[in-house]
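Visitor: The structure follows.
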2 protein chains.
Amino acid sequence: MAKLMVPVGISSRHVHLTTAHIEQLFGPGHRLTKLKDLSQPGQFACEETVTLIGPKGSLSGVRILGPARKESQVELAATDTFKLGVKPPVRDSGNLAGTPGIELVGTSGRVRLVQGVIIAARHIHMSPMEAAAYGLKDGDRVEVPVPGERGGILDNVRIRVGPHYALDFHLDTDEGNAFGLKNGVRLEVTAARKEWRRAVG
Amino acid sequence: MAKLMVPVGISSRHVHLTTAHIEQLFGPGHRLTKLKDLSQPGQFACEETVTLIGPKGSLSGVRILGPARKESQVELAATDTFKLGVKPPVRDSGNLAGTPGIELVGTSGRVRLVQGVIIAARHIHMSPMEAAAYGLKDGDRVEVPVPGERGGILDNVRIRVGPHYALDFHLDTDEGNAFGLKNGVRLEVTAARKEWRRAVG
């Protein structure tokens, strides 16, 4: 198998919103304003931010990512969850059943989500052509070794295949910081290494 | 070799101070007040906290750890460094040459450290007897596999041997959060695994 090299993309805490929630937070008829494009085609960071209010604390200036989605979702690093006092599970984006809610405050109003807070599971986006070339399919899990002083291996990295996905390895800020990684660094994906997996149990 | 199991101890950002800096921050003649003992014998968390002021931001309520040391030292997670706007290296405790400084604010005064800010290198404390039993010596590096959804391997974990050290695997909050670890969880230390080390290069 050819070497699969993936660029690292570190996601800070952020929020996806429904059209209804955008209007509730920023005013009737409001539409998201693009600040810059993200690595995934069609996805963009917005000028709009919200304040998250949890049972123990709040975080201001949390970026909205567009475009609008069918369900609102808040993606946090575990470090953020202690400050806010919420206990979200590690989940794939969009898999929100049974997740905790949180309160969002915008410039024109508030939204109390009943669910939607997650710690995003680390994952690699790729096109069907890339997946086929490397013998991978949507839902597979791979390991990614990281070189350097704070190196090691990231296990249980999900493969997410979609026709509009650009090749990208998405981590949260805790993971990026723990491994000393920067955006754009390229890492090699490896097949499962049964030897150490046995040790892990 | 017998299995070496080590309990995890996750360190939040904290500060060690000289006696002179304690008095400068909290008043002439001030001595640190113990809040609770830490896992390493003789070490304790103090009631005293400081505010750290960096070029880009500040962090309040940062815990002092006692007893007083010969040189003041600030240990941060990488997540904290972005908020403060400082760029400390990953270092062993006490190895402070060439590290950045920061300003500390206490109840009675301020201290501007010219150096002393580090991201602590992950390490395992153990006694000489434990080290001998497992064929390890001070300065060795080992790998620690972590099970679970956010599992993987932590590489380059330093072994630190001292007559008064209790067995403990010290990580910072970024590392603990990235791997989904909690204080007191026991992990198995393994010998270097050359197979994956070759892949890392």
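Visitor: Taking region A:67-81 as the region of interest, how many residues are surrounded by 23 or more Cβ atoms within 10 Å (Cβ to Cβ) and β-branched (Val, Ile, Thr)?
Guide: Of the residues in region A:67-81, 1 are surrounded by 23 or more Cβ atoms within 10 Å (Cβ to Cβ) and β-branched (Val, Ile, Thr).
Visitor: Which ones in region A:1-14 are open to solvent by 50 Å² or more (accessible area, probe 1.4 Å) and not small (Gly, Ala, Ser)?
Guide: Just the residues of region A:1-14 that are open to solvent by 50 Å² or more (accessible area, probe 1.4 Å), to begin with: A:1-3, A:5, A:12-13.
If the condition is that a residue be open to solvent by 50 Å² or more (accessible area, probe 1.4 Å) and not small (Gly, Ala, Ser), then A:Met1, A:Lys3, A:Met5, A:Arg13 are the ones that fit.
Visitor: I've got another one for you. Of all the residues that make up region A:65-114, how many are part of a strand (DSSP E or B) and in contact with a Phe, Trp or Tyr (Cβ under 8 Å, 6 or more places away or on another chain)?
Guide: Keep residues of region A:65-114 that are part of a strand (DSSP E or B), which gives A:65-66, A:73-75, A:90-91, A:102-105, A:110-113.
Subsequent filtering for residues that are in contact with a Phe, Trp or Tyr (Cβ under 8 Å, 6 or more places away or on another chain) retains A:65-66.
Here the count works out to 2.
Visitor: Find the residue count for region B:82-120, including only residues that are open to solvent by 60 Å² or more (accessible area, probe 1.4 Å) and either among the charged types (D, E, K, R) or not assigned by TED's automatic domain parsing to the domain that holds B:Pro28 (or both).
Guide: Qualifying residue count for the region: 4.
Visitor: Do you know which residues across region B:25-57 are in a strand (DSSP E or B), within 18 Å of B:Ser108 (Cα to Cα) and of a type outside the set (D, E, K, R)?
Guide: Initial filter on region B:25-57 (in a strand (DSSP E or B)): B:34-37, B:44-53.
With within 18 Å of B:Ser108 (Cα to Cα) added as a condition, the list becomes B:46-53.
Once the filter is applied, which keeps residues that are in a strand (DSSP E or B), within 18 Å of B:Ser108 (Cα to Cα) and of a type outside the set (D, E, K, R), region B:25-57 yields B:Cys46, B:Thr49, B:Val50, B:Thr51, B:Leu52, B:Ile53.
Visitor: Cβ-Cβ under 7 Å, sequence separation 6+ or interchain: first residue in region B:110-133 and more than 14 Å from chain A (Cβ to nearest Cβ), partner open to solvent by less than 20 Å² (accessible area, probe 1.4 Å) and among the aromatic types (Phe, Trp, Tyr). Which pairs?
Guide: Pairs found: B:Ile124/B:Phe169.
Visitor: Can you find even one residue in region A:125-132 that is part of a helix (DSSP H, G or I), more than 18 Å from A:Gly94 (Cα to Cα) and in contact with a Leu (Cβ under 8 Å, 6 or more places away or on another chain)? First the steps, then the outcome.
Guide: Quick first cut of region A:125-132, residues part of a helix (DSSP H, G or I) only: A:128-132.
Filter again for more than 18 Å from A:Gly94 (Cα to Cα), leaving A:128-132.
Now restrict to residues that are in contact with a Leu (Cβ under 8 Å, 6 or more places away or on another chain): A:130.
Yes; the residues of region A:125-132 include at least one that is part of a helix (DSSP H, G or I), more than 18 Å from A:Gly94 (Cα to Cα) and in contact with a Leu (Cβ under 8 Å, 6 or more places away or on another chain).
Visitor: Kindly establish whether B:Leu136 is over 30 Å from B:Gln24 (Cβ atoms), touching a residue at least 12 places away in the same chain (Cβ under 8 Å), within 9 Å of chain A (Cβ to nearest Cβ) and open to solvent by less than 40 Å² (accessible area, probe 1.4 Å). So that I can check it myself, show each step before the final result.
Guide: Numbers: over 30 Å from B:Gln24 (Cβ atoms): yes; touching a residue at least 12 places away in the same chain (Cβ under 8 Å): yes; within 9 Å of chain A (Cβ to nearest Cβ): no; open to solvent by less than 40 Å² (accessible area, probe 1.4 Å): yes.
So B:Leu136 fails the test.
Visitor: Okay, moving on. Quick one: in region B:15-51, of everything that is of a type in the set (D, E, K, R) and open to solvent by 20 Å² or more (accessible area, probe 1.4 Å), which residue is nearest to B:Asp80 (Cα to Cα)?
Guide: The initial filter retains those residues of region B:15-51 that are of a type in the set (D, E, K, R), namely B:23, B:31, B:34, B:36-37, B:47-48.
Checking the rest, the ones that are also open to solvent by 20 Å² or more (accessible area, probe 1.4 Å) come to B:23, B:31, B:34, B:36-37, B:47.
Details: B:Glu23: 26, B:Arg31: 27, B:Lys34: 25, B:Lys36: 24, B:Asp37: 25, B:Glu47: 21 Å.
This residue is B:Glu47.
Visitor: Another question, then. Identify all residues within region B:152-180 that are part of a loop (DSSP other than H, G, I, E, B), surrounded by fewer than 19 Cβ atoms within 10 Å (Cβ to Cβ) and within 8 Å of chain A (Cβ to nearest Cβ); write none if there are none.
Guide: The one that is part of a loop (DSSP other than H, G, I, E, B), surrounded by fewer than 19 Cβ atoms within 10 Å (Cβ to Cβ) and within 8 Å of chain A (Cβ to nearest Cβ): B:Gly180.
The values are calculated or read from the model by the stated rules, or taken from the named source; none is laboratory data. Values in this document were obtained by computation on a predicted structure and should not be read as measured data. Using ideal geometry, Cβ is built from the backbone for each residue, glycine included, and neighbour counts are taken over all protein chains shown. Side chains included, ligands, DNA and RNA excluded: accessible areas come from the protein's heavy atoms. Shrake-Rupley method; radii C 1.70, N 1.55, O 1.52, S 1.80 Å.
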